[in-house]
Amino acid sequence: MSEENKKIGDFLKEKRESKKLSTKYISQHTKINLSSLEKLEANNFIDLPKKPYVKGFVKSYAKILELDEDECLELFERTYQEILGITDEPLNFIQDEENSSTDVSKGLPLPTISVVVVVSILVLILIFSIKSKDTKIVETAVVKPKVLDASTPLKKENTLTTKSVITPAVKPQEKEQNEEQETNNEVVVEKKKVEIKKDEKEENKKEDKKEVATESENDKKEDKKEKEEKKYNFRPYPTSEYSYLKEEEQEEEFLPQYVKQANEENREIVFLNAVDGDSWITYKKDQEAIKGFTLKQGRTLLIRGEEIRLFLGNTNNIKVFHNSKQLVVKSKSGVKSLVFPHDKKSNFKLPLFIYKDGKVYTSEEYMTENNISL
């Protein structure tokens with residue numbers, strides 16, 4: 001691999017060695033173990049932890065070497081996508097526990113509470129019935145036939161008949177039935193009251209759950225928005241991002257004659273020539289779709305449009321011309337974001353492009369989709 005065509009691991013290793021630092025020194029100052037450092041420098045992402053952890057490694061490594069963290073992360077994103085074919089980890093969805101049928105405040109499922117209420121009512125009815133029967137037995141036992149003795153006149157011996165003895169026992173039964181019926185009516189009324197209160201509680205719980213769910217959903221949206229803003233560090237495009245070589249220093253041998261003659265009014269012309277090695281590029285002109293590919297060594301690309309945004313990788317391998325003038329494109333990490341014409345820079349945010357889930361978005365598309373303020 002040529003010196004100018006290194007990936008993130010090669011780039012970090014080269015910068016470390018240029019400062020004459022050992023991996024042991026990097027490990028001691030970044031708290032990254034030696035094994036992970038060696039795998040990172042070898043671009044061995046398969047045996048490294050998940051992507052967010054590796055991004056943390058890159059940031060710490062860049063900080064120790066005093067490199068531009070944003071440019072290193074952009075180089076990492078591109079290298080990660082080229083090697084593994086993915087750009088981000090899948091999202092983990094959180095189960096909504098508030099929709100569970102369990103009453104968390106009491107620790108019992110709602111159907112269990114209903115069974116307990118019904119069983120309690122039945123037990124109360126049974127106890128009341130037993131007490132009523134005991135009362136009947138007592139009342140019946142009190143009613144006894146008169147005892148005959150020597151002072152009782154003979155003519156009244158027949159006053160105590162079978163009918164006379166049975167009659168007092170019948171009236172308490174009727175009284176008991178009436179009392180039992182009244183008791184049953186009272187139980188039914190109480191049961192209806194309990195059911196009404198239960199329905200009211202259920203409605204209140206449903207309303208409370210809806211309010212909590214709404215608040216929770218809003219909180220999740222706000223958290224997601226803040227995480228996305230922090231993750232990609234959206235920032236204004238810089239006031240000065242490139243300059244032009246002096247006329248006597250222009251390398252016109254890398255600019256074909258047909259490009260020199262292609263100047264058009266109100267249109268920007270950008271010409272790329274991969275002179276010293278491969279260079280991967282992502283660009284968008286006007287309202288056309290985003291394009292991205294690797295420009296192989298010896299190949300060229302001509303882009304024409306009223307508005308062009310361009311992201312370059314391996315900038316040392318490529319010559320860039322704008323309206324037939326050669327640009328000076330400096331980058332410590334080997335990646336660069338460019339906007340043409342430069343006076344429209346205020347319309348854009350860095351990074352120009354977001355790579356996620358195998359797709360590429362412009363920064364404004366991604367910020368709009370995730371409700372992030374522009």
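The values are calculated or read from the model by the stated rules, or taken from the named source; none is laboratory data. This structure is a prediction, so every number in the text was calculated from the model and none was measured. Neighbour counts are summed over all protein chains in view; Cβ atoms, including those assigned to glycine, are modelled from backbone coordinates with ideal geometry. Surface areas here come from the heavy atoms of the whole protein model, side chains and all, with no ligands, DNA or RNA. Shrake-Rupley method; radii C 1.70, N 1.55, O 1.52, S 1.80 Å.
For the structure I just gave you, tell me whether residue 337 is among the small types (Gly, Ala, Ser), part of a strand (DSSP E or B) and surrounded by 15 or more Cβ atoms within 10 Å (Cβ to Cβ).
Working: among the small types (Gly, Ala, Ser): yes; part of a strand (DSSP E or B): yes; surrounded by 15 or more Cβ atoms within 10 Å (Cβ to Cβ): yes.
For residue 337, the condition - among the small types (Gly, Ala, Ser), part of a strand (DSSP E or B) and surrounded by 15 or more Cβ atoms within 10 Å (Cβ to Cβ) - is met.
Among the listed residues 308, 281, identify the single one that is in contact with a Lys or Arg (Cβ under 6 Å, 6 or more places away or on another chain), modelled with pLDDT of 90 or more, within 24 Å of residue 236 (Cα to Cα) and of a type outside the set (Lys, Arg).
On the way: 281 fails: in contact with a Lys or Arg (Cβ under 6 Å, 6 or more places away or on another chain).
Within the list 308, 281, the selection yields 308.
Could you grab the pairs with beta carbons closer than 6 Å, sequence gap of 6+ or different chains, first residue in the range 57-80 and on the phi < 0 side of the Ramachandran plot, second one of a type in the set (Ser, Thr, Tyr) and not in a helix (DSSP H, G or I)?
From residues that are on the phi < 0 side of the Ramachandran plot, the pairs are 68/333; 71/333; 72/333; 75/333; 77/355.
Output the helices (runs of 4 or more DSSP H) that fall wholly within the range 1-69 and possess 1 or more residues being under 22 Å from residue 280 (Cα atoms) and at pLDDT below 95, or say none.
Numbers: elements: 8-18, 23-30, 34-41, 51-64.
The helices (runs of 4 or more DSSP H) meeting that bar are 8-18, 34-41, 51-64.
State all residues of the range 11-29 that are open to solvent by less than 50 Å² (accessible area, probe 1.4 Å) and under 17 Å from residue 68 (Cβ atoms); if no residue qualifies, say none. Step through it out loud before you land on a result.
First, the residues of the range 11-29 that are open to solvent by less than 50 Å² (accessible area, probe 1.4 Å): 11-12, 16, 21, 23, 26-27.
Correct list: 11, 12, 16.
Has the range 243-264 got any residue that is under 15 Å from residue 323 (Cβ atoms), open to solvent by less than 90 Å² (accessible area, probe 1.4 Å) and part of a strand (DSSP E or B)?
There is at least one residue in the range 243-264 that is under 15 Å from residue 323 (Cβ atoms), open to solvent by less than 90 Å² (accessible area, probe 1.4 Å) and part of a strand (DSSP E or B).
If you check 303, 372, which single one turns out to be among the hydrophobic types (A, V, I, L, M, F, W, C), surrounded by 15 or more Cβ atoms within 10 Å (Cβ to Cβ) and assigned to a loop (DSSP other than H, G, I, E, B)?
372
Tell me whether the range 35-45 contains one or more residues that are surrounded by 13 or more Cβ atoms within 10 Å (Cβ to Cβ), touching a helix residue (DSSP H, G or I) at 6+ places or on another chain (Cβ under 7 Å) and among the acidic types (Asp, Glu).
As a first pass, look at the range 35-45 and keep what is surrounded by 13 or more Cβ atoms within 10 Å (Cβ to Cβ): 36-45.
Narrowing the set further to residues that are touching a helix residue (DSSP H, G or I) at 6+ places or on another chain (Cβ under 7 Å) leaves 36-43, 45.
Subset that is among the acidic types (Asp, Glu): 38, 41.
Yes; the residues of the range 35-45 include at least one that is surrounded by 13 or more Cβ atoms within 10 Å (Cβ to Cβ), touching a helix residue (DSSP H, G or I) at 6+ places or on another chain (Cβ under 7 Å) and among the acidic types (Asp, Glu).
Just checking, how many residues over the range 318-333 are crowded, with 22+ Cβ neighbours inside 10 Å and within 27 Å of residue 248 (Cβ to Cβ)? Lay out the reasoning, then the answer.
To start, the set of residues in the range 318-333 that are crowded, with 22+ Cβ neighbours inside 10 Å comprises 318, 321, 333.
From what's left, within 27 Å of residue 248 (Cβ to Cβ): 318, 321.
The qualifying residues number 2.
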